[in-house]
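None of the figures in this text is laboratory data; all of them are computed from the coordinates on show. Just so you know, these numbers come straight off a predicted model, no measurement behind them. Backbone-built Cβ (ideal geometry, glycine too); neighbour counts: all protein chains shown.
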Amino acid sequence: MKVCVIGAGLIGCATAYQLARQGFDVHLLDSEAAPGLATSYANGAQLSYSYVEPFASPATLWALPKMLLSRESAVRFHPRWDWRQWAWGLQFLRACTVRQSVRGTETLLQMAQASRATLADWMQAEDWNFGFEQNGKLVLCPTAEALRQQERQVRLQAALGCDQQILTVQECLEAEPALRRARALRFVGGVWTQSECVADPHLLCQEMVASLQRLGGTVSLGVQASGFVRHRSRISAVMTHQGEIEADAFVLAAGPRAVTLAAALGIYLPIYPIKGYSITVPFLPGVQRPCASVTDLARKTVFAPLHNNLRVAAMAEVGAKGLDIAPARVQAMVEAVDQTYPGLCDVGAPESWAGLRPATPTSVPIVGRWRSSNVYLNVGHGALGLTLAAGSAVALSRHMGRVDGA
């Protein structure tokens, strides 16, 4: 069975690699010149297997007015004359319930646990080098109410198999001694998850594509998918500027771009781009580097030690479709580094990045076959693409395996 996977970010690369492992004839297609150059390039670098609470929740709903009206808010809404934006927004508001939040947490944790096991299997089978390290994750809570919310989430996730601890301020400093140097960092406690990991998403994409090619897969980069060729009730080929690529089945795994491709097939995907930013700065020689990933809930900022660098990711802008990077956004992340880890990094020339996270209203990805067609979907992973890529790939391969008779 020949499968064409459209999109060579984390989700597409993982899907293509997993299908090749199962014996499918795989053709991976992407408009970028190399794998992992768009949304997957420089995201937060955290494998957050136990920290997957959906953004849509009662707590988010109550905090929305403040988040959207404050000029310094890490979350911003850019209204547009776009019916998709307003439809997504209404679906998001409807998802801000206790029931949906719990259901989403359960689903995402199951996918995350499958991802952890799958990536471990892949790493055992392959000689990959992508900065993987199990270094733990510390979430800092700025207020007593934020800590109580985290305690409720920890109890919920404990019932679903997660091992997490609520820490005092002193225990947080013991878990990550580098925070003792922090300036203007105020928190009342935190959540510690020993089993969390970090990885370089761009390098992982490159490793998966190299392994895919060793397994006999075909990779076409710099090739833009523009539409599809129908033959009766099925799709027979994807159209590109270099000609048609035929296959028996097609997987849409192109992040935000999947929305347009799906629309050409008459498929509505409830996905809208949420723009995020990151900077990558090198550690100075001879300093005491952070050993764990840290998430500062007050700033909505992630700090992940990666190789000899610190990856800092922040902000969520709904409706900001361009990839321009405002200097104020970079400056805010530089200041966060300077206040959290003063004197540890060279922030003189940060490598800055912006990407569009393809988010569903519930934060739960869409994975599976589209009705009875030969089109499959692996989309809508939002900020959890790195965490969920391996598990989503296996889930999709099972759908395809049932059809193929594997």
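The figures follow:
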| read-out | value |
| --- | --- |
| Residue in segment 56-65 that is assigned to a loop (DSSP other than H, G, I, E, B) and either touching a Pro at 6+ places or on another chain (Cβ under 7 Å) or not basic (K, R) (or both) present | yes |
| Of all residues in segment 223-242 being under 14 Å from H27 (Cα atoms) and not polar (S, T, N, Q), the one that is surrounded by the fewest Cβ atoms within 10 Å (Cβ to Cβ) | M239 |
| Residue count, segment 1-38 (criterion: surrounded by 24 or more Cβ atoms within 10 Å (Cβ to Cβ), of a type in the set (S, T, N, Q) and part of a loop (DSSP other than H, G, I, E, B)) | 0 |
| Residue that is surrounded by the most Cβ atoms within 10 Å (Cβ to Cβ), among those in segment 39-50 that are assigned to a loop (DSSP other than H, G, I, E, B) and either more than 12 Å from the chain's Cα centre (by Cα) or polar (S, T, N, Q) (or both) | T39 |
| Flag for V312 being under 19 Å from V198 (Cβ atoms), of a type in the set (A, V, I, L, M, F, W, C) and crowded, with 22+ Cβ neighbours inside 10 Å | yes |
